[in-house]
1. Tell me which helices (runs of 4 or more DSSP H) are completely within the range 1-79 and hold 3 or more residues being at pLDDT below 95, within 18 Å of Arg92 (Cβ to Cβ) and open to solvent by 30 Å² or more (accessible area, probe 1.4 Å), or say none if there are none.
2. Could you run through the range 35-72 and say how many residues are touching an Asp or Glu at 6+ places or on another chain (Cβ under 8 Å) and among the charged types (D, E, K, R)?
3. Go through (1) under 16 Å from Val8 (Cβ atoms); (2) in contact (Cβ under 8 Å) with a residue 60 or more places away in the chain; (3) in contact with a helix residue (DSSP H, G or I) (Cβ under 7 Å, 6 or more places away or on another chain) one by one and return the number of the condition Ser103 breaks.
4. What about Ala88, is it closer than 15 Å to Glu37 by Cα and loosely packed, with under 14 Cβ neighbours inside 10 Å?
5. Residue under question is Ala119, and the condition is that it be among the small types (Gly, Ala, Ser) and within 23 Å of Lys10 (Cβ to Cβ); does it hold?
Amino acid sequence: LEQHGFDVAKGHLNQALSAFQRGEWSSANGELRNFYESYLNTIAERLGYEGADNSKAKRDFLGSGAQPPFLLADYNEWDSQKTQYVQALMNRLHPHGGHPGPSDEEDATFRLQITLITARLFLRRFKQRKTICNEQDRSLRLRLLRPQWELDQGQRARHAADAGASLREAGRAVPTHQ
């Protein structure tokens, strides 16, 4: 989270862990859902989402708008026609909507563990995607710069030829001492 600047998500995770340690299960659960939603939203934004500030639209983007898709249909992480892992986990984190209601230690422990495992998977995938994009950007920049470099190299050759010609001309005009 720190490595990629997911500060809001990190704050939610810290609050969830703190509430969990105090035995405040409902509070921990609420912060876990905020954590999950926050890092998915941030990933969508970093991968190019430009629509409305809508978490569902951002998850849709991760599943079908990002190219290649970030959420994988082959792993049932995303399917626009049926409930899949990402949305099912969102539903499981708060089966009663934004106000989770009472919870117990076992349920809160399950939510904490599944949320951390899922975050680990998606954050590693994001890191890999970012690394690939950075390599592609670097390659693209080099390809874009290369014609300019070749042009500069050609210009340098012409300037050197012109300078050589000028020196030869000057050599004829200026007597040499032998």
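1. The helices (runs of 4 or more DSSP H) meeting that bar are 25-46.
2. Here the count works out to 1.
3. (1)
4. Considered against the rule, which asks whether it is closer than 15 Å to Glu37 by Cα and loosely packed, with under 14 Cβ neighbours inside 10 Å, Ala88 comes out as yes.
5. Criteria met by Ala119.
Per-residue answers, yes or no, for (1) farther than 29 Å from Lys130 by Cβ; (2) without any contact (Cβ under 8 Å) to a residue 12 or more places away in the chain; (3) touching a Gly at 6+ places or on another chain (Cβ under 9 Å):
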position: Phe6; (1), (2), (3): no, no, no
position: Phe20; (1), (2), (3): yes, no, no
position: Ser26; (1), (2), (3): yes, no, yes
position: Glu37; (1), (2), (3): no, no, no
position: Asn41; (1), (2), (3): no, no, no
position: Gly65; (1), (2), (3): no, no, yes
position: Leu112; (1), (2), (3): no, no, no
position: Leu116; (1), (2), (3): no, yes, no
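The values are calculated or read from the model by the stated rules, or taken from the named source; none is laboratory data. What you see is a predicted model, and the numbers here were worked out from it, not measured in a lab. Reconstructed Cβ throughout: ideal geometry from the backbone, glycine too, with neighbour counts over all protein chains shown. Areas reflect the complete protein model, heavy atoms only, side chains present, ligands, DNA and RNA absent. Shrake-Rupley method; radii C 1.70, N 1.55, O 1.52, S 1.80 Å.
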